[in-house]
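The values are calculated or read from the model by the stated rules, or taken from the named source; none is laboratory data. Keep in mind that this is a model prediction, so the values were computed, not measured. Backbone-built Cβ (ideal geometry, glycine too); neighbour counts: all protein chains shown.
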Amino acid sequence: MNISFTAMGAEDSSAIIAFLSSNSFPFHVRRDWSVPELQVVVDSGRYWNNESQGFWIVGDGERLGMVVLEDLEDDTPMFDLRLAENYRGQGLGTPILKELCAMVFKEYPEIVRFEGQTREDNIAMRKVFHKAGFLKEAHYRMSWPVEDGTRLASVAYAILRQDWESGESTSFDWYDLEI
């Protein structure tokens, strides 16, 4: 599948609201949105400002979902990826994330590190991170609130520009400090 990204702008407001309100995102902090809540978020420019830029994920002419690049004023941005429900479980995560890395590192030459996070129980996304060349860098215990009032770990993955360019992951020693 040919994956591409189309930048969002104010003209996409109603489509963003329709997408986010018609899909559930069980592994996100906000799994469901109401239209009035979304109207406020979208009208605030959440998806197109100095810090963030939203993109439609397009595959073979079909809109598969959206991704938002965050912290763009830093050289280590993060992303928020959301696939439409009908495209999940089809093996699209890895090619989408690889293509996203290519777009980010080509279009933003100042970026040295690209990060994403997910819940510890989102095994599919954790596998996507590994397959796309990301390395686990953090396991934030009890940091992700879930609907039933409990908390799960947030697991952070990142890829360095040099790793993306070389195709090899730079490792590090988790236990570098002996006490």
Q: Can you confirm whether the stretch 28-40 contains a residue that is in contact with a strand residue (DSSP E or B) (Cβ under 8 Å, 6 or more places away or on another chain) and assigned to a loop (DSSP other than H, G, I, E, B)?
A: yes
(Q) Just to be sure before I move on: is residue 111 part of a loop (DSSP other than H, G, I, E, B) and surrounded by 13 or more Cβ atoms within 10 Å (Cβ to Cβ) in the structure I sent? (A) yes
Q. Could you list, in sequence order, the residues of the stretch 142-161 that are closer than 25 Å to residue 98 by Cα and in a strand (DSSP E or B)?
A. 153, 154, 155, 156, 157, 158, 159, 160
Q) Got a sec? Which of 41, 58 is over 28 Å from residue 94 (Cβ atoms) and either surrounded by 14 or more Cβ atoms within 10 Å (Cβ to Cβ) or in contact with a Lys or Arg (Cβ under 7 Å, 6 or more places away or on another chain) (or both)? A) 41
(Q) Between a residue in the stretch 32-49 that is more than 9 Å from residue 20 (Cα to Cα) and among the hydrophobic types (A, V, I, L, M, F, W, C) and any residue that is assigned to a helix (DSSP H, G or I) and at pLDDT 90 or above, which pairs come within a Cβ distance under 6 Å, given they are 6 or more apart or on different chains? (A) 42/13; 42/16; 42/17
**Q.** Subset of the stretch 1-38 [touching a Ser or Thr at 6+ places or on another chain (Cβ under 8 Å) and surrounded by fewer than 16 Cβ atoms within 10 Å (Cβ to Cβ)]
**A.** 31, 32, 34, 35
